[in-house]
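Beneath this line is the structure, given in structure tokens, with notes to follow.
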Amino acid sequence: MKITRVGLDIAKQVFQVHGVDEHGKARARKQLPRAKVREFFVQLPACLIGIEACGSAHYWGCELTKLGHTVKLMAAQFVVPYRKRGKNDANDAEAICEAVGRPNMRFVAIKTEEQQSVLMVHRARTLVVANRTAQVNQIRGLLGEFGLVVPKGVARLRRELPEILEDAENGLLPLAREVLAGLLEQFHTFDAQVARYDRQIRTLAEASEPARRLMRVEAIGPQTATALVASMGDPRVFKNGRGYAASLGITPRQHSSGGKDRLGHITRQGDSYLRMLLVHGARAYLRVVDKKTDAKSAWARRLKERRHVNVAAVALAAKHARIAWAILAHGTEYRPAGPEVVAA
């Protein structure tokens, strides 16, 4: 029995395997408990293994690669067309096995443990920021019940809540003041956690040579640079920068037919966190673009003049994504655009 291609449907405890030989004939259909997965693949000769890109997929990709196998991760939506009728583990594994053998399939780069660790810092920071925002909204709602209105924004609440607690004439009862004081203390704890994660991200950016090269690009700081390096994985998975920008969901959705190009809204398919960082960086860059004279700034300024600023921000974010891919894929330094050349 010579298995050359395997579809592995991973889970928490029970894994499904579907293996075929070089002629595509099924040679292995079985369930494996988690403890037996490594033992099964140790006995197999080196083969191609397909896994859906989901929770713990990168871990199993690294583990099976260490055993000498070639592991490919695929987005789940690309596997669905190959599944036969009902959805179950056996059909999923068979569909994965079929999809990984397609020559035009798109794959997801396997992230290393170091890249996963960097992304863990980003995910933890995002959670703390979300909790802080939720608490700010709760505090504003509680104050509203006493007729005390605080404008939106973390900074406004950070500045005005201590003044409200110190004001003895605003009608707050002692119990309400005690509760709000506890919420304010917890709010300061969130602030300290965010500051600690920011310091960690700056340290990681300074220690990473690819991240330092990315930070030379306008509108890309330590947070965006480290997230790009860790999330992209192997940039050679993408054929070009446009493919990478499309994977982040910052390219237009197409509905073209009959030789007519119809472009719609951005797809928003892909990593929403990276897309948010790139778009926010582009917004910040557009605020000062009128003071710059280089070719890229002139292009962005003309775009902002004829289209909505949000459209210009997304277009600039897509350009920065392409630049980032070129820097990481080719190992080059960022070369800023020269002054705009005006035709005589």
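Annotations
- Single unsatisfied condition, L263 versus (1) more than 26 Å from A298 (Cα to Cα); (2) more than 12 Å from the chain's Cα centre (by Cα): (1)
- Residue match in segment 323-331 (condition: open to solvent by 50 Å² or more (accessible area, probe 1.4 Å), over 15 Å from P235 (Cβ atoms), modelled with pLDDT of 90 or more and part of a helix (DSSP H, G or I)): no
- Taken as a whole, the condition of being open to solvent by 70 Å² or more (accessible area, probe 1.4 Å) and part of a strand (DSSP E or B) does not apply to K84.
- Single residue of segment 33-54 satisfying the filter (open to solvent by less than 10 Å² (accessible area, probe 1.4 Å) and in a strand (DSSP E or B)) that is nearest to N88 (Cα to Cα): I51
- Residue in segment 63-81 that is farthest from S117 (Cα to Cα), counting only those that are in a helix (DSSP H, G or I) and either of a type in the set (S, T, N, Q) or in contact with a Ser or Thr (Cβ under 7 Å, 6 or more places away or on another chain) (or both): Q77
- Subset of segment 87-124 [assigned to a helix (DSSP H, G or I) and within 30 Å of Q193 (Cα to Cα)]: E113, E114, Q115, Q116, S117, V118, L119, M120, V121, H122, R123, A124
- Selection within segment 231-289: residues that are open to solvent by less than 30 Å² (accessible area, probe 1.4 Å) and part of a loop (DSSP other than H, G, I, E, B). The member of this set that is modelled with the lowest pLDDT is G233.
The values are calculated or read from the model by the stated rules, or taken from the named source; none is laboratory data. Values in this document were obtained by computation on a predicted structure and should not be read as measured data. Reconstructed Cβ throughout: ideal geometry from the backbone, glycine too, with neighbour counts over all protein chains shown. Just the protein is used for accessible areas: all its heavy atoms, side chains included, with ligands, DNA and RNA removed. Shrake-Rupley method; radii C 1.70, N 1.55, O 1.52, S 1.80 Å.
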